[in-house]
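Values in this text are rule-based calculations from the coordinates and carry no lab data. It should be emphasised that the depicted structure is a prediction, and the values quoted were computed from it without experimental measurement.
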């Protein structure tokens, strides 16, 4: 489960960073991109960032649950 969350987090971070890089390079080299393409890139970037944050929170919750489960088994000796 944690490996799946890590992959999702990594992919969403990669996509978000690539979109940011594209926007930055277009701005830096004065490339005129149409407003619709700019809107799609911004929307995809925001969507990727939301997925990244959601996945990170879910991964933290999973780790906390795993830690709590280990603490419970170490105290009682069984689940």
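Under conditions of 20 °C and 1.002 mPa s, the chain yields 143 µm² s⁻¹ as its translational diffusion coefficient, taking Rh as the Kirkwood radius over Cα pairs in the Stokes-Einstein equation.
Here the contact order of the chain, divided by its residue count and restricted to Cα pairs under 8 Å and six or more residues apart, works out to 43 percent. Please determine, in degrees from 0 to 90 and to the nearest 10, the orientation of helix 35-76 with respect to the longest principal axis defined by the Cα atoms of the chain, where the helix direction is its Cα long axis. Relative to the chain, helix 35-76 is tipped by roughly 10 degrees.
For the chain, the longest principal axis of the C-alpha atoms and the axis of helix 2-28 are separated by about 20°.
Highest GNM mean-square fluctuation among 69, 60, 21, for the chain modelled with Cα contacts below 10 Å: 69.
Entry note, the chain: the mean residue ellipticity at 222 nm calculated from DSSP H runs of n ≥ 4, each adding -39500 (n - 2.57), is -32000 deg cm²/dmol after division by the residues and rounding to the nearest 500.
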